[in-house]
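Have a look at the structure below, then the notes.
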Amino acid sequence: RKQIFKLTTGSQQLDKLLGGGIESMAITEVFGEFGTGKTQLSHTLCVTAQMPGHNGYIGGRVIFIDTEHTFRPDRLRPIADRFNLDQTTVLDNVLYARAYNSEHQYELLDNVVEKLHEEAGLFKLLIVDSVMALFRVDYCGRGEIAVRQQKLGQMMSRLQKISEEYNIAVFMTNQITSDLNNLEQPDVQKPVGGNILAHASTTRICFHKNVKGNRIAKVYDSPELEECEVAFAITSGGIDD
Ligand code: ADP
Ligand code: MG
């Protein structure tokens, strides 16, 4: 039987908001403006996924799909130090792939599945940072949205299947768009990707910076989690309280 596990984000507040952490057999999405900490959380999870946790979780390897070319392996070193893990081991346990276009991003999932078969049970986390960037570039015309959403749907159902079949946590970051049609709250931020992404994501969290410059995480549109918000910090040791 597959035992669901939860990965810590490095922030107790953020973990609490998520109902314990980033869950396996599910897709967790964090969206927000540039510089709000989405990639920093991705780096932190590369490390925390390797630590033992609750309910007999023993830790495991990570696959990182990078679409914005913002992964910095050296960033993992101080985060590993914070959690008293060996830097080299931590780096060796992260399998990195850069995606060059949306089709390539989809095709990389073949390699992911191959890896998950080869090293059965060893991988615990798949990160996609970010999920929509290449799709937005490849299908930028108005008339291309339908095709984009169809391709996106194929990729998301594949990700869902992977998370359930192999009991891994899928964590993805996403970009935002301002909803100019919402006249009452024109500055409300919405994740891109439309209904397809909304339906595929099990949990959606919005990151933003408040007027004081504090970083805030907020539950978005969840049937299960309370609609509350918490503050978190970005430190040299990664995401923290
Ligand atoms: P995005 O949401 O665009 O992915 P990032 O995760 O890249 O944003 O966050 C970038 C921010 O993280 C920077 O503006 C900086 O404030 C913070 N940051 C990055 N590295 C460090 C570090 N080593 N120590 C403290 N803060 C950091
Ligand atoms: Mg980023």
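Among the residues of this structure, H69 does not count as one that is of a type outside the set (A, V, I, L, M), surrounded by fewer than 20 Cβ atoms within 10 Å (Cβ to Cβ) and either touching a Leu at 6+ places or on another chain (Cβ under 6 Å) or more than 17 Å from V128 (Cα to Cα) (or both). Restricting to the range 196-241, what's the tally of residues that are at pLDDT below 95, more than 17 Å from the chain's Cα centre (by Cα) and on the phi < 0 side of the Ramachandran plot? So the count comes out to 12.
Looking at the structure I just gave you, is A217 surrounded by fewer than 16 Cβ atoms within 10 Å (Cβ to Cβ), within 19 Å of K16 (Cα to Cα) and in contact with a helix residue (DSSP H, G or I) (Cβ under 7 Å, 6 or more places away or on another chain)? Give the derivation first.
Working: surrounded by fewer than 16 Cβ atoms within 10 Å (Cβ to Cβ): no; within 19 Å of K16 (Cα to Cα): yes; in contact with a helix residue (DSSP H, G or I) (Cβ under 7 Å, 6 or more places away or on another chain): yes.
For A217, the condition - surrounded by fewer than 16 Cβ atoms within 10 Å (Cβ to Cβ), within 19 Å of K16 (Cα to Cα) and in contact with a helix residue (DSSP H, G or I) (Cβ under 7 Å, 6 or more places away or on another chain) - is not met.
Taking first residues from the range 196-217 that are under 27 Å from S163 (Cβ atoms) and partners that are hydroxyl-bearing (S, T, Y) and modelled with pLDDT of 95 or more, the Cβ contacts under 6 Å between residues at least 6 apart in sequence or on separate chains come to T203/T28; F207/T36; H208/T36. Using beta carbons and a limit of 6 Å, which pairs, at least six apart or on different chains, have the first residue in the range 24-36 and closer than 16 Å to R158 by Cβ and the second one within 15 Å of ligand 2 (Cβ to nearest atom) and in a strand (DSSP E or B)? Close Cβ pairs satisfying both conditions: E29/M172; E29/N174.
Is there a residue in the range 79-94 that is within 16 Å of ligand 2 (Cβ to nearest atom) and either under 24 Å from K38 (Cβ atoms) or not aliphatic (A, V, I, L, M) (or both)? Don't jump to the end; show me each part of the working.
Start the filter on the range 79-94 by keeping residues that are within 16 Å of ligand 2 (Cβ to nearest atom), which leaves 79.
Still in the list and also either under 24 Å from K38 (Cβ atoms) or not aliphatic (A, V, I, L, M) (or both): 79.
Looking for residues that are within 16 Å of ligand 2 (Cβ to nearest atom) and either under 24 Å from K38 (Cβ atoms) or not aliphatic (A, V, I, L, M) (or both), one finds at least one in the range 79-94, hence yes.
On inspection, Y100 fails the criterion of being in contact with a Ser or Thr (Cβ under 8 Å, 6 or more places away or on another chain), at pLDDT 95 or above and either surrounded by fewer than 12 Cβ atoms within 10 Å (Cβ to Cβ) or farther than 25 Å from T9 by Cα (or both). Does at least one position in the range 143-158 carry a residue that is within 16 Å of ligand 2 (Cβ to nearest atom), under 27 Å from F34 (Cβ atoms) and touching a helix residue (DSSP H, G or I) at 6+ places or on another chain (Cβ under 9 Å)? Checking the range 143-158: not a single residue is within 16 Å of ligand 2 (Cβ to nearest atom), under 27 Å from F34 (Cβ atoms) and touching a helix residue (DSSP H, G or I) at 6+ places or on another chain (Cβ under 9 Å).
Could you please find all residues in the range 49-87 being without any contact (Cβ under 8 Å) to a residue 24 or more places away in the chain and more than 25 Å from H104 (Cα to Cα)? Walk me through how you get there before you give the answer.
So the first thing to find is which residues in the range 49-87 are without any contact (Cβ under 8 Å) to a residue 24 or more places away in the chain, and the list is 52, 58, 73-74, 77, 84, 86-87.
Those that are without any contact (Cβ under 8 Å) to a residue 24 or more places away in the chain and more than 25 Å from H104 (Cα to Cα): P52, I58, D74, R77, N84, D86, Q87.
V137 meets all of the listed conditions (1) more than 19 Å from the chain's Cα centre (by Cα); (2) of a type outside the set (D, E); (3) more than 16 Å from ligand 2 (Cβ to nearest atom) but one, namely (3).
The values are calculated or read from the model by the stated rules, or taken from the named source; none is laboratory data. A quick note: this is a predicted structure, and the numbers were derived from the prediction, not measured. Using ideal geometry, Cβ is built from the backbone for each residue, glycine included, and neighbour counts are taken over all protein chains shown.
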